[in-house]
Structures are given as structure tokens and as C-alpha cells.
Amino acid sequence: MNYFQLFNLPAKFDLDLTELGSRYLKLQKQFHPDQHSSGSERDRLLAVQQTANINDAYHSLKQPLLRAEHLLALRGLKISHEQRSFTDPMFLMQQMELREQLAEIDLSDDPDSVIDDIDRQLQQQKKQLLNQLSVALDAENAEQDQLAADLIRKLKFFYKLQQELELIEQQLQD
Amino acid sequence: MALLQIAEPGQSAAPHQHKLAAGIDLGTTNSLVATVRSGEAKTLVNSQGRDMVPSVVRYTPDSVIVGDAAMTAAQHDADNTIVSVKRLMGKGYSETLALKEKVPYQLIDQQGLVAINTVQGVKNPVEVSAEILATLANTASETLGGELNGVVITVPAYFDDAQRQATKDAAKLAGLNVMRLLNEPTAAALAYGLDSGQEGVVAVYDLGGGTFDISILRLRRGVFEVLATGGDSALGGDDFDHAIVSYLQQQSGLAELSHQQMRQYLTLARSIKEQLTEEESVSFNLPGDSAQTQFSRSQFEQLIAPLVKKTIRACRQVLRDAGLTAEEIVKVVMVGGSTRVPLVRSEVAAFFASEPLTSIDPDKVVAIGAAIQANVLVGNKADGDTLLLDVIPLSLGLETMGGLTEKIIPRNTVIPVARAQEFTTFKDGQTAMALHVVQGERELVEDCRSLARFELRGIPPMPAGGAHIRVTFQVDADGLLSVTAQEKSTGVQSNIQVKPSYGLSDDQVATMLKGSMQHARQDMQQRLLREQQVEAARVLEAVSRALQADAHLLNDTERLAIEQALTDLATVQQGDDTAAIKAAIEHTNHLTDDFAARRMDQSIRSALTGHNVDEV
């Protein structure tokens with residue numbers, strides 16, 4: 001299923017999220033099972049399935065990583081469930097360093113400032129990678145698509161680190 | 001597949017007569033029914049002039065009594081008087097061991113499910129709840145002068161799949177058409193009319209008799225979005241009562257309380273609690289003691305402070321889930337009788353730094369909201385303006401190797417939702433596979449709630465790893481799960497045998513339906529015929545309307561075939577052959593599959609462009 005088509009939006013990485021949101025709500029208002037609660041059994045089932053599709057599409061387009069994966073999938077490059085090891089020694093070194101920093105947060109005298117510091121680094125790296133991703137996806141050729149796939153794999157590491165950082169922050173607050 | 005009824009927002013699909021609908025708040029302690037009349041939602045009173053019906057069912061050898069009369073008998077017939085049955089809904093026997101001490105009736109193990117031993121034999125929680133629902137629906141039918149077309153029943157936002165399913169089964173057993181299970185906090189926000197005018201993030205703090213829920217809703221442009229829900233399905237005003245009972249028991253020097261004494265102490269505790277809402281101090285006699293005992297509000301507050309703290313902790317957690325801070329909450333709605341307790345109000349006000357809304361009776365606010373939504377869903381109010389987007393309260397996952405869970409649908413995902421997962425065989429020629437579905441946030445399967453075990457059968461024999469089975473988990477707008485499976489390379493649909501871990505299978509519900517007092521008097525055949533006739537009427541109406549609006553999407557052959565099918569359906573609908581009506585419905589559905597798909601596409605496009613496709 002082409003999610004961009006469902007929302008009648010151009011299949012591009014740079015997406016107007018406000019517009020996406022308002023189109024999502026329009027479709028929901030039309031198809032939500034509550035609008036069909038006095039319809040026949042099949043009608044109601046159809047409404048559930050259609051709304052589930054709309055929800056899934058919105059969920060996938062809203063988040064940059066999922067959106068990029070969907071774009072690549074539409075171009076025949078599937079990476080969402082791949083199992084492959086990652087071999088970029090420079091990148092892996094950098095990841096290990098960041099992990100070490102995370103592990104040492106609770107040893108610090110001022111954990112809050114360490115967290116802020118790591119957070120800034122992560123945000124900056126993510127932003128950079130997302131910009132590169134946008135350029136790669138806009139090129140619309142096979143070589144750049146491969147590069148985009150690599151960027152997505154890298155970004156996944158950063159999103160994961162971000163989650164872990166938030167978890168650590170929560171634990172400190174409790 | 002049949003046709004969707006597609007109406008422009010703000011415009012009803014067809015002229016219609018006023019239909020009868022009611023909202024039901026099926027509570028742990030009390031239940032209420034409400035309806036919208038002359039544009040105003042009000043709770044309905046029964047023949048005794050009461051709108052709050054205690055959720056109490058008493059079984060005598062030859063009758064079933066619900067409500068106040070059952071409550072009165074509670075003290076001398078504790079074994080047969082079922083209180084707080086909501087706590088048992090969708091639960092396994094082993095999960096209710098902690099409650100065994102607290103309830104004055106006898107819990108037993110019915111094939112893993114909890115049930116109650118009564119003078120009328122073993123009753124399960126679904127049957128007991130059905131009695132309460134039937135009583136409320138009866139009050140509504142009598143007041144409104146006709147059978148209800150549909151009801152909305154509220155459930156705690158925290159209810160898992162098994163508990164929601166049990167509630168729906170109870171309604172089915174009571175002969176009710178459930179249009180929607182509505183989350184209690186959403187209903188409360190609707191009652192305050194927060195769907196119109198209010199923008200921003202709202203918290204609903206619901207401390208009832210048996211459950212605590214905290215929900216964060218975002219309201220914008222008429223859309224209701226549940227951002228996050230949390231709480232504790234075993235914390236409520238009942239626990240305040242029990243805290244007082246424990247204290248009183250210490251004072252009395254009794255090492256143990258009999259069922260009867262427990263009941264007396266609970267009644268006393270409840271009255272103390274209620275008086276302390278207004279009074280600073282109360283005096284009373286302990287049962288069987290002539291000396292006066294004094295008890296102050298501050299003593300009470302000391303006893304319950306840890307419980308209230310627990311609710312505030314849950315508030316903090318749910319805000320975190322929603323990625324918000326307390327300052328971002330623009331309104332706090334108070335629900336549930338226990339929010340009358342002064343300590344609760346002051347702690348909530350302090351935490352959210354905002355004076356909570358309390359102008360609607362906190363006991364009635366949920367039923368009123370449910371009535372408003374029931375009125376919309378039954379089609380009496382033609383406004384497409386309110387849209388309730390709900391989320392799934394607890395993650396759905398599958399058991400994987402080593403007793404770990406793999407999340408398929410994370411909590412707070414907007415529903416309805418469908419997610420597919422692929423599995424493969426690990427033996428040559430394997431034709432069956434077992435899946436275990438759990439609900440909860442924890443890593444280990446044993447820490448989550450077991451929902452159901454599925455067996456996929458009829459997988460075509462292939463070498464190990466050759467078969468790819470795609471299993472789709474679908475959660476509907478009520479938060480209920482259904483599962484389908486398909487082998488991808490051959491397209492073979494696997495049979496799925498569902499064994500709900502803590503629920504009743506469809507067969508069991510059907511058997512109960514047949515056996516129930518409620519329907520023994522009615523002719524089962526008659527009921528089935530009536531159901532098919534109603535369904536046929538819905539199909540006829542929907543397809544006719546679709547033809548009127550979109551005949552241009554069909555060629556002449558297709559149109560004539562559909563028209564013929566409608567004529568045939570209309571003819572058999574008048575007769576009394578249930579199977580023939582069913583077959584005619586299926587035939588019509590089949591014929592209109594493509595038409596429905598084309599209309600769906602057209603309607604998506606027109607919704608997004610704001611024009612009819614013809615004009616584009």
C-alpha cells in the first residue's frame with residue numbers, strides 16, 4: 001500500500017506534517033467505525049479495516065525513519081525487517097564511545113548536565129544524518145537509495161541511544 | 001463486502017425517526033443508566049425512584065434480585081449476594097486469590113476462570129453483570145416506552161482485552177446491542193462538553209469504588225484523542241473502606257471477622273467515610289459495642305494518604321507517557337464518588353496546580369457522557385463533528401523463545417489498528433503452530449497477562465522454514481482483539497482456534513445465552529430470525545443509498561445484478577426462513593464488494609480535495 005497516495009500527498013521525504021495531520025483527521029472523520037455504528041455488520045468490519053489502514057499510514061508517515069523506510073520500500077528496497085550486521089568501524093567506534101558516556105552518567109557529580117551534553121550530541125548527529133537522508137532520497141536513483149538505506153541504519157542507532165538516555169533520565173528522577 | 005454508508009459531515013444520511021439509545025455506566029459499586037431527551041442528557045430513575053443502582057446481585061433459590069433490595073439482604077445472605085463483581089470480570093481464578101479474603105462470597109475455580117458458588121448454582125461474573133445490565137436496560141425501556149436500539153457501555157480505560165470482552169459478552173447475554181464500549185474518562189469529558197470549545201490537554205481523574213484511572217486527552221477541532229492512560233485496576237474507594245475496617249478491627253480487638261461481621265464493619269466504614277466529607281469528626285458504636293468511638297478526618301486522611309499518593313504517582317507516570325508536564329494540563333475532570341473525599345481533591349488540585357471540575361455529580365458524569373455518545377451513535381444527532389480517537393491501553397505481544405514477549409502493538413497506539421507479523425515453520429512438513437498472545441508492558445511472559453492461545457492449523461506441508469505464515473492482529477474501536485492468519489506462498493488461510501485464557505469462547509457464550517433465564521422464555525429461533533431481518537434491513541438501506549449516490553461507478557450489467565439481488569433480499573426478508581435471509585445477505589455482500597471498494601476510493605479522494613470527484 002502506498003501511504004502517500006492514501007493521503008494524496010507527493011511521495012517525498014520532506015513532508016508538511018501539519019497538512020498530513022489535517023488530512024488524517026479528515027479521513028478519520030469519514031471512516032471511523034463510530035460513523036458507521038448503525039450500518040450492516042460488513043460495513044462496520046470494513047470501517048474498522050479502513051481506519052486501521054489510515055492509522056497505520058499516518059503512524060508511518062509521521063515519523064521520519066518510518067517514512068524513509070516506506071519511501072525506499074516503494075522503490076523496491078526493503079530494510080524494515082532485515083537482519084544484517086553493520087560494518088563501518090568508524091561509526092561503531094563512535095557508538096561505543098557514546099555508550100560508555102551513557103554508562104558513566106550515574107558516576108557523575110552533575111548527571112543532569114552530562115545528560116544535557118549527550119542529548120545535544122545526539123540531536124546534532126541525528127539532524128545531520130536526517131539532512132543527508134533527505135538529500136539522498138530526493139535524488140531518486142539506485143545508488144543514492146543505497147546510501148539512504150545506510151543512513152537509516154545509522155539513525156536507528158541514534159534513536160535507540162536517545163531512548164536509553166530518556167530511560168536513564170527517568171530513573172534519576174525517581 | 002457490503003457498502004459503507006457515506007454521509008457528508010454535518011448532514012444525515014437519510015431522514016430518520018428518533019431512535020432509543022442509552023448510556024450505561026457499569027460500575028464496581030453502583031451502576032447508572034442515562035439517556036438524551038429533548039436535547040438534555042439525564043440519568044433515569046427506576047420504579048423506586050433511584051438512579052444509582054447498587055451493582056449488587058442476590059441469588060435466592062427461585063429468583064434473582066438486583067440493586068437496593070439485594071443490598072439490604074446482603075448482611076444476612078452474604079454468600080449469595082454478589083458485590084463488586086466488576087473486579088472479577090475477565091479474570092482467572094488464580095488472579096483473584098488476593099480478593100478471596102475481601103469478598104464475602106465464595107469464589108471457585110471454573111476451568112481456570114473465577115466463578116461464584118450460589119444457592120442457584122455456579123454463576124460466572126459475565127452472568128452476574130448481565131443481570132445488572134438487564135435491570136438498567138429495563139429501567140430505560142420502561143421510561144422511554146420501547147425497546148432500546150442500542151447502548152453505549154463504559155469501561156475503565158485500563159481494562160484489558162479479556163475484561164472488555166467479558167463486558168461485551170455480558171451485554172450480549174442481557175440481549176443488548178452494544179454500539180460501543182466507551183472509556184469512562186472519555187465519557188466524563190464528553191459530559192462536560194469539553195469536545196466543543198475547549199482546546200488543549202485535559203486530565204480525567206477517576207477514583208471509583210474499585211478502580212482508579214487517570215487519562216490524558218487532547219482536544220482540538222472537535223477531535224478527542226486519548227494520549228495516554230494509566231492507573232490501577234485494583235484501587236478505589238473500597239480500599240478506603242477496607243483501611244477503615246482494618247483500623248476498626250484493631251480497635252475492637254477481634255482477631256478475625258466472620259463474613260457477616262465483615263459486612264457490618266464495611267457498612268459502618270462507608271458511612272464514616274461519607275460523613276467525613278462534611279464533618280471534621282464522627283462518633284459511632286462498633287458492632288456489638290455500646291461505647292462511643294471517635295474518629296476524625298485527619299485520622300482518616302492518615303489511613304488513606306498512602307493510597308492517594310499511589311494515585312498521584314500514577315498521574316506522574318501517565319504524564320510522562322504522554323510527554324507532558326503537569327503545567328500543560330488545562331482542565332482536570334473529577335469522576336467517581338471517591339473524589340468527594342477532601343484529601344483527594346486537595347492532592348489532585350495541588351499536583352495539577354489547577355482547581356478540578358466538579359460541577360456535575362461525579363457519580364453520574366460517566367453515565368451522562370455515555371448517553372450523549374449513544375445518542376450520536378444511534379443516529380439521532382447528525383453531527384460528524386465529534387470524533388473519538390482511542391488508544392490501546394496495554395501493549396499486545398507474543399510469547400517468543402525463552403518466555404520473553406515481543407511487542408506487536410505498543411500501548412497508546414491509536415485504534416482501530418492492524419499489525420501483521422510473519423512466522424515460519426521449524427520442522428519439515430509442519431502443519432500446525434501455536435501462538436500465545438499476552439498483554440502488558442513487562443519483558444517476561446509470566447509478568448504479563450495471558451490473553452489467548454491460538455493454534456494455526458492447515459499449514460501446507462513444506463520443508464522447515466519454507467512456509468511463511470502472516471498473522472494479522474486487529475484491534476477494533478472497542479479495543480477488542482481478533483486474529484487471522486494466512487500462508488503467504490500458497491495463500492492458504494489457516495484455521496485459528498482461539499482459547500481465551502480468561503474469557504469465554506463463542507460457543508460458551510452461545511450456550512449461556514440458551515440456558516439463561518432471560519431467554520428460556522423467548523423462542524431462540526424467533527430471536528435469530530429477528531436478528532437476520534434487522535441485518536437485512538440495514539443491508540437494503542445501505543445498498544439502496546449507495547446506488548442512489550454512486551450508480552455512475554457501475555456498468556449496466558453490474559447495476560442490474562445488484563438491483564435484482566436487492567429485490568430478492570427484500571422478498572426473503574419478509575418471510576421466516578432465517579437461513580435464506582442469511583444467504584441473500586451474503587449474496588448481496590458478495591455482489592457489491594467491488595462497488596464498495598470503488599466508493600471507498602472515491603470517498604477518500606473527495607474527502608481530501610473537498611470536492612466531489614465529478615467536479616475535479
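All of the numbers you see were taken from the coordinates with simple rules; none came from a lab. Bear in mind the structure is a predicted one, so any value in this text is a computation, not a measurement. With ideal geometry, Cβ positions are generated from the backbone for all residues, glycine too; neighbour counts draw on all protein chains shown.
Some observations on this one:
- Global geometry of the protein assembly as shown, whether rounded, prolate or oblate, following the gyration tensor of its Cα atoms and the 1.5 cut on a/c: oblate
- Gyration tensor (alpha-carbon) shape descriptor, segment A:42-174, a/c threshold 1.5: oblate
- Close Lys-Lys pairs in chain A, where close means Cα under 28 Å and separation is 8 or more or interchain: 28
- Degrees, to the nearest 10: A:142-173 long Cα axis against longest axis of chain A: 70
- B:T325 versus A:K12: modelled label distance in nm, points set 7 Å from Cα along the beta carbon direction: 3.6
- For B:M401 and B:S290, the FRET efficiency from 1/(1 + (r/R0)^6), where r spans their Cβ atoms and R0 equals 56 Å, is about 0.25.
- Sequentially through segment B:286-293, phi angles give Karplus couplings (6.51, -1.76, 1.60; θ = phi - 60°) of 5, x, x, 10, 8, 6, 6, 10 Hz, Gly and Pro residues having no value and appearing as x.
- Of B:V126, B:V492, the sequence from fewest to most neighbouring Cβ atoms within 10 angstrom is B:V492, B:V126.
- Rounded to the nearest 0.05, the FRET efficiency derived from the C-beta distance between B:E441 and B:T557 at R0 = 41 Å is 0.15.
- Sorted by Cβ neighbour density within 10 Å, fewest at the top, the residues B:S359, B:S31, B:S281: B:S359, B:S281, B:S31
- Helical content of the protein assembly as shown, expressed as a calculated mean residue ellipticity at 222 nm, amounts to -15000 deg cm²/dmol (DSSP H runs of 4 or more residues, -39,500 (n - 2.57) each, divided by residue number, nearest 500).
- Förster radius 41 Å - calculated FRET efficiency between B:T60 and B:D507, Cβ distance, rounded to 0.05: 0.90
- Inter-label distance, nm, simple model (7 Å from Cα along the C-beta direction), B:E586/B:D428: 4.0
- Listed by chain and number, the lysines whose alpha-carbon sits under 17 Å from that of B:K91, ignoring those within fewer than 8 places in the same chain, are B:K100, B:K102, B:K123, B:K168, B:K499.
- Placing a label point 7 Å from the Cα of A:K78 along the Cα-to-Cβ direction, the residues of segment A:1-24 with a backbone N closer than 13 Å are A:1.
- Chain B: angle of helix B:593-609 to the longest principal axis, Cα-based, in degrees nearest 10: 70
- You can think of it this way: the chain between B:Q110 and B:V45 has 19.8 nm of extra reach, that is 0.36 nm per residue less the Cα-Cα gap.
- Prolate/oblate/rounded label for segment B:190-339 (Cα gyration tensor, a/c 1.5): prolate
- Each residue, A:Q94 and B:Q75, gets one label point 7 Å from its Cα in the Cβ direction; the gap between the two is 7.6 nm.
- Fewest-first sequence of A:M1, B:M401 by Cβ atoms within 10 Å of each Cβ: B:M401, A:M1
- Angle between chain B longest axis and helix B:125-144 axis [Cα atoms, degrees, rounded to 10]: 80
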